[in-house]
Amino acid sequence: MGGPVGSGGDAAAGVDRWVAEAKAKAQRYQAMQAAVAGVSVTESSKDGVVTVTVDSAGNLSDLRITDRVRELPGAQVASLVLTTVRRAQARLPERLGEVMAETIGDDTRTRDTIVGNYRAKFPEPEPDPEEAAPPTNQVR
């Protein structure tokens, strides 16, 4: 009807193989979606006063502040929280890339696109001048 004799079986097998591959790929993407939804990143300030957790969308999902916060001015506490959240968000692309490699490892194009979008949305924060300064050695 449309091809050489005997090719009908090969064509049907090819379609069956293509359908099976499509189903397997869909299952991998569903697993990736579930795994990505469960990603979170926790980061603490250098002094340990602030600990934050962000979810896979970069939203703050947990905030812990130690009692040492009483010794700090409000502006410094606010800065610690924001800096720590930004550092946690900046770690999301790497973590999501790992999860995606585990679930859809052979689709680097999709992984690179999504990770690239996260990197654009959550870039590495500027270094904090206090954190960038080398530690001073004090002799006691």
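The values are calculated or read from the model by the stated rules, or taken from the named source; none is laboratory data. Being a predicted model, the structure only gives us computed values, none of them experimental. Neighbour counts run over all protein chains shown; Cβ positions are idealised from the backbone, glycine included. Keep in mind that these areas ignore ligands, DNA and RNA; they rest on the heavy atoms of the full protein, side chains included. Shrake-Rupley method; radii C 1.70, N 1.55, O 1.52, S 1.80 Å.
Brief remarks follow.
- Based on C-alpha pairs under 8 angstrom that are at least 6 apart in sequence, the range 36-121 has a relative contact order of 28 percent.
- Neighbourhood charge, 12 Å Cβ-Cβ cut-off, centred on residue 123 and excluding it, Lys, Arg +1 and Asp, Glu -1: +3
- Per-residue SASA entry for residue 102, accessible area with 1.4 Å probe, Å² rounded to 10: 140
- Within the assembled protein chains, the solvent-accessible surface assigned to residue 65 is about 70 Å², based on a 1.4 Å probe.
- Entry note, the chain: the mean residue ellipticity at 222 nm calculated from DSSP H runs of n ≥ 4, each adding -39500 (n - 2.57), is -19500 deg cm²/dmol after division by the residues and rounding to the nearest 500.
- Over all other residues within a Cβ to Cβ distance under 14 Å of residue 23, the charged ones net out to +1, with Lys and Arg as +1 and Asp and Glu as -1.
- From the coordinates shown, Cα Rg over 2.2 N^0.38 Å corresponds to which of (i) 1.32; (ii) 1.68; (iii) 0.99: (ii)
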